[in-house]
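Each remark here refers to the structure printed beneath this line.
The values are calculated or read from the model by the stated rules, or taken from the named source; none is laboratory data. Being a predicted model, the structure only gives us computed values, none of them experimental. Please note: Cβ atoms are built from the backbone with ideal geometry, for glycine as well, and neighbour counts cover all protein chains shown. Ligands, DNA and RNA are excluded from the accessible area calculation, which covers all protein heavy atoms including side chains. Shrake-Rupley method; radii C 1.70, N 1.55, O 1.52, S 1.80 Å.
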Amino acid sequence: MRPFTYERAPDALSAVKAVAENPGAKFLAGGTNLLDLMKLDIERPTHLVDVGRLPFAGVEEVNGGLRIGGAMVNSKLAAHPRVRELYPVLVRALVSGASGQLRNKATTAGNLLQRTRCAYFYDTTKPCNKRQPGSGCSALEGVHGAHDAIFGASKACIATHPSDMAVALTALGASVETLTPTGASRTLAVQDLHRLPGDTPQVETDLAPGELITAVLVPPPPEGGQVYRKVRGRASYAHGIASVAVAGGRVAFGAVAHKPWRAAHTEDALSSGASPAEAAEAELSKADRNDHNALKITLVGRLAAAAIEESKTRRVA
Amino acid sequence: MSSVKDWAAPNPITENRGGLIGKGVDRYEGRLKVTGSAPYAYEVEAPSRPAIGYMATASIAKGRITRIDTSAAEASPGVLLVWSHLNAPAQAPRGTRANPRSQRPSNPALASDRIENFGQTVAFVVADTFENARAAANLIEIEYAAEQGVVDFVASFDQADQPPGEEDVHIGDFPAAFAAAPVTVDETYESPVQNHVQMEPCATTAWWDGDKVTVHTSIQMVKGGQHALAETLAIPSDHVHLLTRYIGGGFGGKGQAYDDLILSALAARALGQPVKLAYTRQQMFHGTIHRPAVSMRVRLGAQPDGRLTAFAVEAITHCARNAIFTEHAANFSRNLYAAPNRLTGHRLVKMDLPGAGPMRAPGEAPGMLSLECAMDELAEKLGLDPIELRIRNEPDVDPETGKPFSVRQLVQCMRDGAARFGWERRNPKPGQVRDGRWLVGMGMAAAIRGNFLLPAKAGVRIDADGTITLRQGMTDIGTGTYTILAQITAETMGVPMEQVKVEMGDSNFPPAPGSGGQFGAATAGSAAYEAGMNLRKALTELAVGDPNSPLYGGPAEYVTFENGNIAIENRSETLAALVARAAPEGVYVEGSISPAADARDYSQHTYGAHFAEVGVDTVTGEVRMRKMFGVFAAGRILNAKTARSQITGGMIWGVGTALTESNVVDARYGSFINQDMAGYLVPAHADIVDLDAIFLDEADDKANPMGIKGVGELGICGAGAAVANAIYNATGVRLRDYPMTPEKVLEGMLAVGL
Ligand SMILES: Cc1cc2nc3c(=O)[nH]c(=O)nc-3n(C[C@H](O)[C@H](O)[C@H](O)COP(=O)(O)OP(=O)(O)OC[C@H]3O[C@@H](n4cnc5c(N)ncnc54)[C@H](O)[C@@H]3O)c2cc1C
Ligand code: SF4
């Protein structure tokens, strides 16, 4: 860890300004991702602005949906009665992530902005374009984990976004509300928050420097059942090999791309009456196939079909 | 030297009048541990505030350091010292012993510019804080001339050689018998590199007092650590006081001294202040040993009735080029099933990877993953129940040596286990049982693990207040050693547990070999028992010779020790009263144990049977445990609770072995892909549902005076194979490549049309 300075922001706007004005500054929320990466010398901020205690930690009812504070911790969000009632897919996604201890610290905003779990990103002795732009991508010809992207990858990076929560939020059509350095606020869909790697895998989102996520807005739940299914080697405390969120007619895949992946082709197929398997295939036929990922593509297809099927038996109260 | 017959005499442990032997007594040091007040090596209080070390490690697998620039690190805040091979203090050359009796040779750190494995320590920083030390270490610039190393195990089988000094074991004519056998299995099973991932990484706190060093370190072998440090620093071993009181898991990975021990001691000397140093979690993966990958070919030839006529288990494994170690994955099979024609042996590839070494049940743990699945495969071919197949091949005497068994209850374990587990529920035809989206299956496997007794000593003293203190240079790596030593001592002396103290993990105490190879309880415990018996003798003499004792003049052979009293029939006094009056300075005696001269005449093992029920997700190939049960026979059980915890811990590890645990070498870099516990997956609580184990009644009078045996490793032996067999029974997918991850299971399911 490099030496850094720390401040606790008194309010959102000063936090935004503090980060916008200092190119070495970063927001700190629960710290469960950022601090780990700092200890490993992967993240090297010179200044931390703590936004974990800003008063954005509640849930409000807005137009039949919910507004979730950016600083709300994952465990509280998953236990919130209205969230449990309206968005079981979100609850399932949240509790399938990380461990109880981590969820007690991890925040809504921090979870969205957590960085990839690509093993080469974590090992600072290896080339990695995301960690050190231009150094190369070790994963491309590396030990092919089940964690490689099957959608939207580039020659520069094949890493996936590891959040579970973001997959459910994508399926629910949620958006983030931010505060920009000018003091203006804007919203953008969760599915548009993250970028594909392209030539700049180090740039992960469309947020401007210093732009703070203040809330996540979830629209009223769609008609139909909600399901979250995650595949992983052990029964808990493991990142997914793949996941699928279904909320009514909306479907998103996790751990398949540099961002939570909205399966728009699957949704279209469903709305035109396709079977779950056909609908899954509609999206997966568009996957980037290579020598290593056929099995993962098959897995996601089976999982998506099963999750869609299961959603038909689930109804939100 | 004693004979095993001498051991058979009744004694306080076998009589167990106080009922302490076998009782599920709580852990002796449990309260300290759960309240966080047991100081581990990194947390002990040093005489003054320690400086903190941090190691920089190599980013290549093989080659040479061509340039190292530590100037930025030296100028970094708080830095007290920066060493590389250029300026590290002189140490004895690796592998040398100034004292031929040293148990471990010199093991210098930063000894040269050569890199022998990825993650090797290449520089060392000491600073006022951990953060400053680490920040400085990150500023060190190193250039290497890399060389191509041998890092790809599977691609290097052509370099596999007979391990030094070993030969294959041939009995009868295996090739002919195998060729003639009407039913055969010939399959190869792969088990991967595994890491110990102990909760507590290796760590040391060191300080000097003149020319003597005190080190608190996390190591399984007290003398080994003391001697390695003394040899490396070229100082007499009695100038090293090594303490290792609490150890957060060892599993074989802490059987040797690592750089934390050497560098903290060197730096504490150089700086004239205490220094502490711990490996980071990431550094543990390459900086310490691992279990090597093993490729095992099993060939079985059987008659239609199931009797084995041809039996071969051959293992190829690997070790570091300069640290020869053989994972003896075939050894266990030499004692398990009868078959007249046999072939077993090992081949070893020397590689440029970190050191391979012992990990819980070295040999059996990977080895049984092969044979115990092959037996399942053979049973299916023969149309026999897997238990029945094993029973039909149950030997009367050790199948390789012809020696009688001391006790062998393998068949009983399987029968009892089958009844309690509900084995009759198993449908022998695979892929038949569904529960919602799950395919459900059951599997079983046998367990065997050798039993050992090594030479050891123990000292015991009684003070005027009656407190009895057992002292031994033994370790408790979380297994329960403190507790069983307290039980043995209390039962031997006929006092309540509260009257006994146990002190261990100190090189000044009478030596014991430490924790490993499940020899700990038998070895350390027997020495403690002998010490206790000697104390009984000393106190008896004291009492009958003391005119002020009610026992005065009484016949020594009628003296009993019960309820804190020493007595001859109705004449008694408390031990405290006796000692306070007759030996107010206390009484100290020692005892020792060594294997009985004729112990080698018996084939001595611990046995068990594992039963597993799994569910396999038909969509994803995820395997989830539904139930696991084991029955074990391991001599007299000293503590029902800690023994069960050892055994179930081993079984849980078996689940990890079967389903998740593995490390993979990226051959381009010669490094492991998993370097933390988010990537290296050990079972979490949610993976372990209904899991339990019981022990059969047993006492092995050929093992040691108390008839006990080790239980530390037995639980893992065969456990993973039972899970693998259950996966097959659930799905009809026979995987032979551990661990059985969702990807592999799904691939197998796709291949059979699921
Ligand atoms: C061992 C382990 C296993 C895990 N397993 C899973 C898993 O299975 N599934 C899963 O989904 N997650 C998993 N996680 C990740 C965990 O969910 C994240 O670490 C956590 O959500 C991050 O939240 P945080 O509040 O701690 O973020 P921090 O670490 O504080 O911050 C993360 C990033 O977000 C930025 N940030 C924080 N708040 C704001 C804000 N309001 N506006 C703008 N930027 C902000 C920070 O600058 C930083 O870049 C795991 C983590 C660990 C350590
Ligand atoms: S996939 Fe992305 S994160 Fe992983 S090594 Fe390549 S560039 Fe780095």
* Filter the helices (runs of 4 or more DSSP H) completely within region B:160-273 down to those with at least 1 residues that are surrounded by fewer than 17 Cβ atoms within 10 Å (Cβ to Cβ). => B:174-180, B:259-271
* Would you mind telling me which numbered condition in (1) more than 12 Å from ligand 2 (Cβ to nearest atom); (2) away from chain B (no Cβ under 11 Å); (3) assigned to a helix (DSSP H, G or I); (4) within 24 Å of A:G233 (Cβ to Cβ) A:G110 fails? => (4)
* Structure fact -> Counting only residues that are within 16 Å of ligand 2 (Cβ to nearest atom), open to solvent by less than 40 Å² (accessible area, probe 1.4 Å) and without any contact (Cβ under 8 Å) to a residue 60 or more places away in the chain, region A:188-223 contains a total of 1
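If the requirement is being closer than 30 Å to B:A722 by Cα and of a type outside the set (V, I, T), which of these qualifies: B:M625, B:M533? Spell out the reasoning first.
Values: B:M533 fails: closer than 30 Å to B:A722 by Cα.
It is B:M625.
Would region B:613-632 turn up any residue that is within 13 Å of chain A (Cβ to nearest Cβ) and either open to solvent by 30 Å² or more (accessible area, probe 1.4 Å) or farther than 30 Å from A:T298 by Cβ (or both)? Talk me through it step by step, then tell me what you get.
Of region B:613-632, the ones within 13 Å of chain A (Cβ to nearest Cβ) are B:614-626.
The next check asks that each one be either open to solvent by 30 Å² or more (accessible area, probe 1.4 Å) or farther than 30 Å from A:T298 by Cβ (or both); those that pass are B:624, B:626.
Yes, region B:613-632 contains at least one residue that is within 13 Å of chain A (Cβ to nearest Cβ) and either open to solvent by 30 Å² or more (accessible area, probe 1.4 Å) or farther than 30 Å from A:T298 by Cβ (or both).
Among the strands (runs of 3 or more DSSP E) contained in region A:200-258, which hold 3 or more residues that are within 14 Å of another protein chain (Cβ to nearest Cβ)? Reasoning before the result, please.
Details: elements: A:212-218, A:226-231, A:242-247, A:250-254.
Ranges flagged: A:226-231, A:242-247.
Mind listing whichever residues of region B:732-741 are open to solvent by 10 Å² or more (accessible area, probe 1.4 Å) and in contact (Cβ under 8 Å) with a residue 60 or more places away in the chain? Quick ask: steps written out before the conclusion?
So the first thing to find is which residues in region B:732-741 are open to solvent by 10 Å² or more (accessible area, probe 1.4 Å), and the list is B:732, B:734-737, B:741.
Hits for region B:732-741 are B:G732, B:R734, B:R736, B:D737, B:T741.
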* Asked: Cβ-Cβ below 9 Å, separation at least six or inter-chain, first residue in region B:466-494 and in contact (Cβ under 8 Å) with a residue 40 or more places away in the chain and in a strand (DSSP E or B), second of a type in the set (S, T, Y) and surrounded by fewer than 24 Cβ atoms within 10 Å (Cβ to Cβ): which pairs?
  -> B:G473/B:S507
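Conditions tested, residue by residue: (1) within 14 Å of ligand 1 (Cβ to nearest atom); (2) surrounded by fewer than 20 Cβ atoms within 10 Å (Cβ to Cβ); (3) farther than 18 Å from A:R229 by Cα.
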{"position": "A:S75", "(1), (2), (3)": "yes, yes, yes"}
{"position": "A:E85", "(1), (2), (3)": "no, yes, yes"}
{"position": "A:G100", "(1), (2), (3)": "yes, yes, yes"}
{"position": "A:N104", "(1), (2), (3)": "yes, yes, yes"}
{"position": "A:T107", "(1), (2), (3)": "yes, no, yes"}
{"position": "A:Y120", "(1), (2), (3)": "no, no, yes"}
* Asked: Which number in (1) surrounded by fewer than 18 Cβ atoms within 10 Å (Cβ to Cβ); (2) within 16 Å of ligand 2 (Cβ to nearest atom) marks the one condition that A:I42 misses?
  -> (1)
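Determine, yes or no, whether B:A419 is more than 14 Å from chain A (Cβ to nearest Cβ) and part of a strand (DSSP E or B). So that I can check it myself, show each step before the final result.
On the way: more than 14 Å from chain A (Cβ to nearest Cβ): yes; part of a strand (DSSP E or B): no.
For B:A419, the condition - more than 14 Å from chain A (Cβ to nearest Cβ) and part of a strand (DSSP E or B) - is not met.
Within region B:641-654, does at least one residue satisfy the condition of being within 12 Å of chain A (Cβ to nearest Cβ) and either under 18 Å from the mean Cα position of the chain (by Cα) or without any contact (Cβ under 8 Å) to a residue 24 or more places away in the chain (or both)? Walk me through how you get there before you give the answer.
Step one: list which residues in region B:641-654 are within 12 Å of chain A (Cβ to nearest Cβ), which gives B:652.
Retained after the next criterion (residues that are either under 18 Å from the mean Cα position of the chain (by Cα) or without any contact (Cβ under 8 Å) to a residue 24 or more places away in the chain (or both)): B:652.
Checking region B:641-654: at least one residue is within 12 Å of chain A (Cβ to nearest Cβ) and either under 18 Å from the mean Cα position of the chain (by Cα) or without any contact (Cβ under 8 Å) to a residue 24 or more places away in the chain (or both).
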* Only one of these conditions is not met by B:S662: (1) open to solvent by 10 Å² or more (accessible area, probe 1.4 Å); (2) touching a Pro at 6+ places or on another chain (Cβ under 9 Å); (3) more than 14 Å from chain A (Cβ to nearest Cβ). Which number is it? -> (3)
* Quick one: B:V682 ticks every box in (1) within 16 Å of ligand 1 (Cβ to nearest atom); (2) without any contact (Cβ under 8 Å) to a residue 12 or more places away in the chain; (3) not small (G, A, S) except a single one, so which number is it? => (2)
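Could you say which residue among A:G134, A:G142 is farther than 26 Å from A:K230 by Cα, within 11 Å of ligand 2 (Cβ to nearest atom) and more than 16 Å from the chain's Cα centre (by Cα)?
On the way: A:G142 fails: farther than 26 Å from A:K230 by Cα.
Residue meeting the stated conditions: A:G134.
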* Can you tell me which residues in region A:259-317 are within 22 Å of the chain's Cα centre (by Cα), in a loop (DSSP other than H, G, I, E, B) and away from chain B (no Cβ under 14 Å)? -> A:K259, A:P260, A:A263, A:K286, A:A287, A:D288
* Return a yes/no flag: does region A:176-183 have any residue that is touching a residue at least 40 places away in the same chain (Cβ under 8 Å), away from ligand 1 (no atom under 12 Å from the Cβ), open to solvent by less than 10 Å² (accessible area, probe 1.4 Å) and not hydroxyl-bearing (S, T, Y). => no
* Structure fact -> Checked region B:634-658 for anything open to solvent by 10 Å² or more (accessible area, probe 1.4 Å), part of a strand (DSSP E or B) and over 18 Å from B:Q409 (Cα atoms); matches are none
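For region B:505-594, list the strands (runs of 3 or more DSSP E) that sit wholly inside it and hold at least 1 residues that are charged (D, E, K, R), at positive phi and in contact with a His (Cβ under 7 Å, 6 or more places away or on another chain); which are they? First the steps, then the outcome.
Working: elements: B:560-562, B:565-568, B:571-574, B:587-593.
Once the strands (runs of 3 or more DSSP E) in region B:505-594 are filtered for at least 1 residues that are charged (D, E, K, R), at positive phi and in contact with a His (Cβ under 7 Å, 6 or more places away or on another chain), nothing remains.
Okay, residues lined up against (1) buried (at least 23 other Cβ atoms within 10 Å of the Cβ); (2) within 10 Å of ligand 1 (Cβ to nearest atom); (3) more than 14 Å from chain B (Cβ to nearest Cβ); (4) farther than 17 Å from B:R668 by Cα:
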| residue | (1), (2), (3), (4) |
| --- | --- |
| A:R117 | no, yes, no, yes |
| A:Q132 | no, no, no, yes |
| A:G142 | no, no, no, no |
| A:F151 | no, no, yes, yes |
| A:C157 | yes, no, yes, yes |
| A:S185 | no, no, yes, yes |
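I want to confirm something. Restricting to region B:665-675 and keeping residues that are in contact (Cβ under 8 Å) with a residue 60 or more places away in the chain and either facing another protein chain (nearest Cβ under 7 Å) or touching a strand residue (DSSP E or B) at 6+ places or on another chain (Cβ under 9 Å) (or both), which single residue is most open to solvent (accessible area, probe 1.4 Å)? Lay out the reasoning, then the answer.
Narrowing region B:665-675 to residues in contact (Cβ under 8 Å) with a residue 60 or more places away in the chain: B:665, B:667, B:669-672, B:674-675.
Cutting the leftovers down to either facing another protein chain (nearest Cβ under 7 Å) or touching a strand residue (DSSP E or B) at 6+ places or on another chain (Cβ under 9 Å) (or both) gives us B:665, B:669-672, B:674-675.
Numbers: B:V665: 34, B:Y669: 51, B:G670: 1, B:S671: 2, B:F672: 3, B:N674: 27, B:Q675: 33 Å².
Per the stated criteria, the residue is B:Y669.
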* Please work out if B:F130 is within 14 Å of chain A (Cβ to nearest Cβ) and over 16 Å from B:K62 (Cα atoms). => yes
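Given the criteria touching a strand residue (DSSP E or B) at 6+ places or on another chain (Cβ under 9 Å), open to solvent by 10 Å² or more (accessible area, probe 1.4 Å) and either within 16 Å of ligand 1 (Cβ to nearest atom) or away from chain B (no Cβ under 14 Å) (or both), does A:L172 qualify?
Numbers: touching a strand residue (DSSP E or B) at 6+ places or on another chain (Cβ under 9 Å): yes; open to solvent by 10 Å² or more (accessible area, probe 1.4 Å): no; either within 16 Å of ligand 1 (Cβ to nearest atom) or away from chain B (no Cβ under 14 Å) (or both): yes.
Criteria not met by A:L172.
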* Restricting attention to region B:309-330, and to residues there that are in contact with a helix residue (DSSP H, G or I) (Cβ under 9 Å, 6 or more places away or on another chain) and open to solvent by 10 Å² or more (accessible area, probe 1.4 Å), which single residue is nearest to B:K381 (Cα to Cα)? -> B:T309
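Of the residues that make up region A:56-76, is at least one among the aliphatic types (A, V, I, L, M), away from chain B (no Cβ under 14 Å), assigned to a helix (DSSP H, G or I) and away from ligand 2 (no atom under 16 Å from the Cβ)? Before the answer, list the steps.
Pass one, region A:56-76, residues among the aliphatic types (A, V, I, L, M): A:57, A:59, A:62, A:66, A:68, A:71-73.
Within this subset, residues satisfying the condition of being away from chain B (no Cβ under 14 Å) are A:57, A:59, A:62, A:66, A:68, A:71-73.
From what is left, the residues that are assigned to a helix (DSSP H, G or I) are none.
No, region A:56-76 has no match at all.
A:A79: of a type outside the set (S, T, N, Q) and open to solvent by 10 Å² or more (accessible area, probe 1.4 Å), yes or no?
Details: of a type outside the set (S, T, N, Q): yes; open to solvent by 10 Å² or more (accessible area, probe 1.4 Å): yes.
Criteria met by A:A79.
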